[in-house]
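Beneath this line is the structure, given in C-alpha cells, with notes to follow.
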There are 2 protein chains.
Amino acid sequence: MARPVKSKGFDTLTPLEVARRRFLRLVPQGPLGSVLCRPEKALGRVLAGPLRAPRNVPPFDRAAMDGFAVRAVDTFGASATNPLPLKLRGDAAPGRRPALKVAAGGCMRIATGAPLPYGANAVAMLEHCRERAAGLVEVESALTPWENVSRVGEDVRRGDFLLASGERLGPADIALACALGLERLDVARAPRVGVLSSGDELRAPGSRLKEGEIYDANRPGVLAALREEGAVGVDLGIARDEEGALRARIVKGLSRCDALVVSGGTSVGPRDLVPEVVSSLGGPGLVVHGVAMRPGYPVGLGAVRKKPVVLLPGSPVAALLNVDAFVLPAVRRMLGENEAALPRGATVRARALRRITGAPGLTTFARVVLRDSKDGFAAEPLRVSGSGILSSLVRGSGLVVIPASKEGVESGEEVEVRLLRALPVRGARRAR
Amino acid sequence: MARPVKSKGFDTLTPLEVARRRFLRLVPQGPLGSVLCRPEKALGRVLAGPLRAPRNVPPFDRAAMDGFAVRAVDTFGASATNPLPLKLRGDAAPGRRPALKVAAGGCMRIATGAPLPYGANAVAMLEHCRERAAGLVEVESALTPWENVSRVGEDVRRGDFLLASGERLGPADIALACALGLERLDVARAPRVGVLSSGDELRAPGSRLKEGEIYDANRPGVLAALREEGAVGVDLGIARDEEGALRARIVKGLSRCDALVVSGGTSVGPRDLVPEVVSSLGGPGLVVHGVAMRPGYPVGLGAVRKKPVVLLPGSPVAALLNVDAFVLPAVRRMLGENEAALPRGATVRARALRRITGAPGLTTFARVVLRDSKDGFAAEPLRVSGSGILSSLVRGSGLVVIPASKEGVESGEEVEVRLLRALPVRGARRAR
C-alpha cells in the first residue's frame with residue numbers, strides 16, 4: 001500500500017501582474033493617517049494632502065540686480081551717448097521697505113533682494129550707470145517697466161497649487177515649503193511593517209554558529225528596503241519552525257503593525273507551516289500562493305485581520321525580489337504615493353515640444369515638464385524659469401542640460417531629461 | 001569728475017567642467033576617516049575599505065529542496081517505471097548536522113536548508129519519491145552528484161572580494177553582510193558640511209515677516225540635499241550682511257566642519273562681502289568665481305584652511321543647481337565614493353553579450369553585469385544565479401526582466417537593465 005509523500009507542489013502559479021493587482025487590492029489605500037512635520041524634517045516623506053501656497057513668493061517687488069531703483073519712464077531715450085541724469089535720493093537695502101518714495105527724476109541706490117521703493121518700477125543695473133559726486137546718477141540705458149525687478153508672486157502666487165497629495169518630498173520641495181514660510185507639512189504617517197524570519201537554522205548576527213546554522217540575512221535586508229522606502233520596519237526577530245511559536249509571533253506582529261512580512265517556511269513542503277498558520281487567523285488569508293516568477297515563485301500574498309501579509313521564501317534573492325515586487329508597492333500604496341516608473345535622478349529621453357533656449361557660452365539647465373505623447377515623452381520647457389523661480393524645480397519634471405557649445409534645442413529634437421521627481425507610471429500622472 | 005560705480009562684474013566665467021575639476025582638486029579625497037557600523041545601520045553608507053568574505057556562504061552543504069538525502073550513485077537507473085528502493089534511516093532537519101551517515105542503499109528525509117548528512121551527495125525531490133509503510137522510500141528519478149544541493153561556498157567563498165571601497169550600501173549589501181555574519185562594517189565617516197545663509201532680509205521659518213523680509217529657503221534646501229547624499233549638514237544659521245558677523249560665522253563654521261557652504265552675498269556687487277571675507281582667511285581662497293552656467297553663474301569655489309568652500313548665489317534655483325554641480329560631488333569625494341552617472345533604480349539600455357535564459361511561463365529576473373562596449377553597454381548574465389545566490393544581487397550591475405511570454409533574450413538583443421547599484425561614470429569603474 002503505497003501512499004504519496006505529502007507534496008502538493010504549486011498547482012498553479014499566478015502571473016506576476018495578476019498577483020500584484022490581487023494583493024494590492026487588499027492593501028489599504030493610504031495615507032493611513034497624517035502627521036505634521038517641520039519642512040526641515042520632511043525629506044523623503046510623502047505629502048498627505050495637496051500643497052498650496054499660503055502667500056506670494058516673493059512677497060513684494062524686489063530688485064533682481066544691484067543698481068538704482070528708477071521710474072522706467074525717466075530712462076526712456078537714455079543711452080551711452082545720451083546719459084540721462086537722475087537725483088540720488090538715498091539707499092534701499094535688503095530687509096526693509098524704504099520710507100522714501102522715488103519721485104519723477106529721482107532714483108535710489110538698491111541692492112539685489114531689496115524691496116523696490118514706492119514710486120520706482122525698474123532697476124537700472126550698476127553697469128549702466130555712472131555716479132556723479134554731486135549726488136547725481138547718469139543712466140546710460142533705457143528700461144522698460146519692471147525690468148530687473150522680481151515681481152511679487154512671480155515665483156508662487158498665493159493659492160497656487162504646487163504639489164499633489166502623494167508626492168515624495170525632495171530638497172527643492174523642502175526649500176519651497178520654507179520659502180512659503182510653512183512651519184508644518186501634512187505628511188503621510190509611515191506605515192509600520194513587521195518583519196519576522198522563521199527557521200530553526202537561523203541565527204542573529206553576533207551569535208556563534210553551530211554546524212548546520214546560518215545567519216539570518218533576509219530580515220535585515222527587508223528592514224533596510226523598508227526604511228529606504230519610508231516605512232518603519234518593526235523587527236519581530238526569528239521564530240522557530242513550530243506552529244505555536246509562529247502563531248504567537250504573527251499575532252503579536254499583526255497587532256503592532258500595519259502589515260506583516262514573514263520570511264522562510266512559506267512554500268508547500270511539510271515544514272512550511274507559515275501559510276497554514278496565517279490562513280487559520282482569519283479571512284481572507286492568502287489570496288495568492290505561488291507566483292509565476294523566477295526567482296521568487298514560492299511567495300504568499302494576502303491579508304489577515306485587514307492587515308496585508310507577505311510570505312517570502314527563505315532564499316534571499318527570491319525574498320528581496322519579492323520585496324521589490326510586492327512589499328514596496330504595498331508600502332507606497334499605504335503611504336498614498338503614486339506608483340513610480342522611475343526614481344528621481346534617473347534619465348529619460350524625450351522630444352522637445354518647443355524650442356528650448358540655451359545661452360551662448362553657458363551650460364544651461366532648462367526645466368521641463370514631461371508629457372506623454374504617442375511616441376514616448378515630450379519635454380515642454382517651463383516658461384517662467386529665472387534663477388529665482390524656485391517653483392520651477394518643483395513644478396518641473398526634469399532638467400535638460402544644454403551644453404555651452406549649443407545655442408539651444410530645436411522643437412522635435414531628442415533630449416535627455418534628468419528627473420527632478422519620480423516619474424509616475426503612465427496614466428497615474430495626477431492632474432495639476 | 002565722473003567715477004565709475006564699483007562693479008567689476010565677472011570678467012571671465014569658467015566653463016562648468018573646468019570649474020568642477022579645479023574645485024574638486026581642493027577637496028580631500030575621502031574617506032576622511034572610517035567608523036565601524038553594524039550592518040543593520042549601514043544602509044546608504046559608503047564602504048571605507050573593500051568587503052571581503054570572512055567565511056563561506058552557505059557554510060555547509062545544504063538541501064536546496066524538500067526530499068530525501070541520498071547517494072547519487074544509488075539512484076542511477078531509477079525512473080517512474082523502475083523505482084529504486086532505499087532504506088529510510090531518519091530525518092535531517094534544519095539547524096543541526098545529523099549524527100547519522102547515509103550509507104549505501106540508505107536515505108534520510110531532509111528539509112530545505114538542512115545540512116546534508118555525511119555520506120549523501122544529492123537530494124531526491126519529494127515529488128519524485130514514494131514512501132512505503134515499511135520505512136522504505138522508492139526513488140523514481142536518477143540524480144547526478146550534488147543535484148538539489150546548495151554547495152558550501154557556492155554563494156560566496158571565504159576570501160572572495162565582494163565590494164570595493166567606495167561602494168554605497170543598499171539592502172542587498174546589508175543582507176549579504178549579515179549572511180557573512182559581519183558584526184561591523186568599515187564605512188566612511190560622514191563629512192560635516194556647514195551651511196550658512198547671509199542676508200539682512202532673511203528670516204527663519206516660524207518668524208513673522210516684516211515688509212521687505214523673506215524666508216530663507218536655501219539653507220534648508222541645501223541641508224536636505226546634503227543629508228540625502230550622506231553628509232552631516234551643520235546648520236550655521238543666518239548671518240547679517242556685515243563683515244565682522246560674516247567672518248565670525250565663517251571662522252566658526254570652518255573650525256567645526258569639513259567643508260563650508262555659504263549662500264547669498266557671493267556675487268561681485270558692493271554688498272557681496274562673502275568672497276572678500278573668505279579670501280582674507282587664507283589660501284588658496286576662491287579658485288573659481290563665476291561659472292559659465294545658467295542659472296547659477298555667480299558661484300564661488302575654493303578652499304580656506306584646507307577646507308573646501310562653496311559660495312552659492314542667493315537665488316534658490318541657482319543655489320540648488322550649484323549644490324548639484326559642486327557640493328554633492330565634493331561630498332561624494334570626501335566620502336570616497338565613485339562619481340556615479342546614474343543612481344540605483346535607474347534603467348539603461350544595453351546589448352546582451354550572451355543569451356539570457358528565461359523560464360517559459362515565468363517572469364524571469366536575470367542579474368547581469370554591465371560592461372562598457374564601443375556602442376554603449378553590454379549586459380553579461382551572471383553564471384551563478386540561483387535563488388539562493390545572494391551575492392548575485394551584490395556583484396550584478398542590474399536586473400533584466402524577461403516577460404513570461406518570452407523564452408529569453410538572444411545574444412546581441414537590446415535589453416533594459418534596472419540598476420542594482422549606482423552606475424559609475426565611464427572609466428571610473430573599479431576593478432573587481
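The values are calculated or read from the model by the stated rules, or taken from the named source; none is laboratory data. All of these numbers come straight from a predicted model, not from anything done at the bench. Ideal geometry is used to build each Cβ from the backbone, glycine not excepted, and the neighbour counts take in all protein chains shown.
Looking only at the stretch B:209-235, which residues are facing chain A (nearest Cβ under 8 Å) and among the aliphatic types (A, V, I, L, M)? Within the stretch B:209-235, B:Leu209, B:Ile214, B:Ala217, B:Val222, B:Leu223, B:Ala224, B:Ala225 qualify. Got a sec? Which of A:Leu328, A:Leu320, A:Leu286, A:Leu301 is of a type in the set (A, V, I, L, M), away from chain B (no Cβ under 11 Å) and in contact (Cβ under 8 Å) with a residue 40 or more places away in the chain? Residue meeting the stated conditions: A:Leu301.
Whenever a residue of the stretch B:253-270 is within 14 Å of another protein chain (Cβ to nearest Cβ), its partners that are of a type in the set (Ser, Thr, Tyr) and crowded, with 22+ Cβ neighbours inside 10 Å, lying with C-beta atoms within less than 6 angstrom and at least six residues away or across chains, give the pairs B:Ser263/B:Ser197; B:Gly264/B:Ser197; B:Gly264/B:Ser198; B:Gly265/B:Ser198. Restricting the stretch A:345-354 to residues that are at the interface with another protein chain (Cβ under 8 Å from one of its Cβ atoms) and not aliphatic (A, V, I, L, M) leaves a set whose member that is farthest from the chain's Cα centre (by Cα) is A:Thr347. Under the condition of being touching a Gly at 6+ places or on another chain (Cβ under 6 Å), modelled with pLDDT under 95 and charged (D, E, K, R), the residues counted in the stretch B:82-126 number 4.
One residue stands out in the stretch A:379-400 among those that are aliphatic (A, V, I, L, M) and crowded, with 20+ Cβ neighbours inside 10 Å: the one that is nearest to the chain's Cα centre (by Cα), namely A:Val394. Checking each residue in the stretch A:93-108 for being more than 9 Å from chain B (Cβ to nearest Cβ) and surrounded by 19 or more Cβ atoms within 10 Å (Cβ to Cβ) picks out A:Val102, A:Gly106, A:Cys107, A:Met108.
Let's see how each residue does on (1) hydrophobic (A, V, I, L, M, F, W, C); (2) under 20 Å from A:Phe326 (Cβ atoms); (3) assigned by TED's automatic domain parsing to the domain that holds A:Asp216:
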| residue | (1), (2), (3) |
| --- | --- |
| A:Asp258 | no, yes, yes |
| A:Leu273 | yes, no, yes |
| A:Ser280 | no, no, yes |
| A:Val287 | yes, yes, yes |
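Every listed requirement among (1) within 30 Å of B:Gly77 (Cβ to Cβ); (2) touching a Phe, Trp or Tyr at 6+ places or on another chain (Cβ under 6 Å) is met by B:Gly135 save one, (2).
The residues of the stretch B:201-226 that are surrounded by fewer than 19 Cβ atoms within 10 Å (Cβ to Cβ) and under 35 Å from the mean Cα position of the chain (by Cα) amount to a single one, B:Ala204.
Taking the listed residues A:Ala175, A:Ala190, the one that is more than 7 Å from every other protein chain (Cβ to nearest Cβ), touching a residue at least 12 places away in the same chain (Cβ under 8 Å) and not in a strand (DSSP E or B) is A:Ala190, with no other qualifying. Take B:Leu281 and tell me if it is touching a strand residue (DSSP E or B) at 6+ places or on another chain (Cβ under 8 Å), among the hydrophobic types (A, V, I, L, M, F, W, C), crowded, with 24+ Cβ neighbours inside 10 Å and more than 14 Å from chain A (Cβ to nearest Cβ). When the stated conditions are applied, B:Leu281 does not pass them.
If we scan the stretch A:219-227, do we find a residue that is free of Cβ contacts under 8 Å to residues at least 12 places away in the same chain, out of contact with any Gly (no Cβ under 7 Å at 6 or more places or on another chain) and assigned to a helix (DSSP H, G or I)? There is at least one residue in the stretch A:219-227 that is free of Cβ contacts under 8 Å to residues at least 12 places away in the same chain, out of contact with any Gly (no Cβ under 7 Å at 6 or more places or on another chain) and assigned to a helix (DSSP H, G or I).
Between B:Ala42, B:Ala78, the distinction of being in contact (Cβ under 8 Å) with a residue 12 or more places away in the chain, outside the structural domain of B:Val288 (by TED's automatic domain parsing) and over 25 Å from B:Glu147 (Cβ atoms) belongs to B:Ala42 only. Would you check if B:Leu236 is outside any loop (DSSP other than H, G, I, E, B) and in contact with a strand residue (DSSP E or B) (Cβ under 7 Å, 6 or more places away or on another chain)? Answer is yes for this residue. Taken over the stretch B:389-403, the residue count meeting the criterion of being in contact with a helix residue (DSSP H, G or I) (Cβ under 7 Å, 6 or more places away or on another chain) and of a type outside the set (Val, Ile, Thr) is 4.
Look at (1) more than 9 Å from chain A (Cβ to nearest Cβ); (2) closer than 30 Å to B:Asp173 by Cβ; (3) touching a Gly at 6+ places or on another chain (Cβ under 7 Å) and you find that B:Leu51 fails only one, number (3). When you scan the stretch A:3-13, do you find a residue that is over 30 Å from B:Pro83 (Cα atoms), outside any loop (DSSP other than H, G, I, E, B) and within 14 Å of chain B (Cβ to nearest Cβ), even just one? Within the stretch A:3-13, not a single residue is over 30 Å from B:Pro83 (Cα atoms), outside any loop (DSSP other than H, G, I, E, B) and within 14 Å of chain B (Cβ to nearest Cβ).
Taken over the stretch B:240-257, the residue count meeting the criterion of being crowded, with 24+ Cβ neighbours inside 10 Å and modelled with pLDDT under 95 is 0.
Among the residues of the stretch A:56-82, which ones are within 14 Å of chain B (Cβ to nearest Cβ), in a loop (DSSP other than H, G, I, E, B) and either within 13 Å of A:Gly119 (Cα to Cα) or touching a helix residue (DSSP H, G or I) at 6+ places or on another chain (Cβ under 9 Å) (or both)? A:Pro58, A:Asp61, A:Met65, A:Asp66, A:Ala80, listed by residue number.
Against the conditions (1) touching a residue at least 24 places away in the same chain (Cβ under 8 Å); (2) assigned to a loop (DSSP other than H, G, I, E, B), where does A:Leu399 fall short? Just the number, please. Single failed check for A:Leu399: (2). Applying the condition of being in contact with a helix residue (DSSP H, G or I) (Cβ under 7 Å, 6 or more places away or on another chain) and either hydroxyl-bearing (Ser, Thr, Tyr) or in contact (Cβ under 8 Å) with a residue 40 or more places away in the chain (or both) to the stretch A:355-383 and asking which residue is farthest from the other protein chains (Cβ to nearest Cβ) yields A:Arg367. Hey, any hits in the stretch A:37-46 for a residue that's in a loop (DSSP other than H, G, I, E, B), closer than 30 Å to A:Leu301 by Cβ and either within 14 Å of another protein chain (Cβ to nearest Cβ) or not hydroxyl-bearing (Ser, Thr, Tyr) (or both)? There is at least one residue in the stretch A:37-46 that is in a loop (DSSP other than H, G, I, E, B), closer than 30 Å to A:Leu301 by Cβ and either within 14 Å of another protein chain (Cβ to nearest Cβ) or not hydroxyl-bearing (Ser, Thr, Tyr) (or both). Out of A:Gly49, A:Gly67, A:Gly113, report the one residue that is under 30 Å from A:Leu420 (Cβ atoms), within 40 Å of the chain's Cα centre (by Cα), buried (at least 19 other Cβ atoms within 10 Å of the Cβ) and touching a residue at least 40 places away in the same chain (Cβ under 8 Å). The match here is A:Gly113. Among the residues in the stretch A:141-164, are any in contact with a Lys or Arg (Cβ under 7 Å, 6 or more places away or on another chain), assigned to a loop (DSSP other than H, G, I, E, B) and of a type in the set (D, E, K, R)? Yes. Among the residues of the stretch A:327-347, those identified as aliphatic (A, V, I, L, M) and assigned to a strand (DSSP E or B) are A:Ala340, A:Ala341, A:Leu342.
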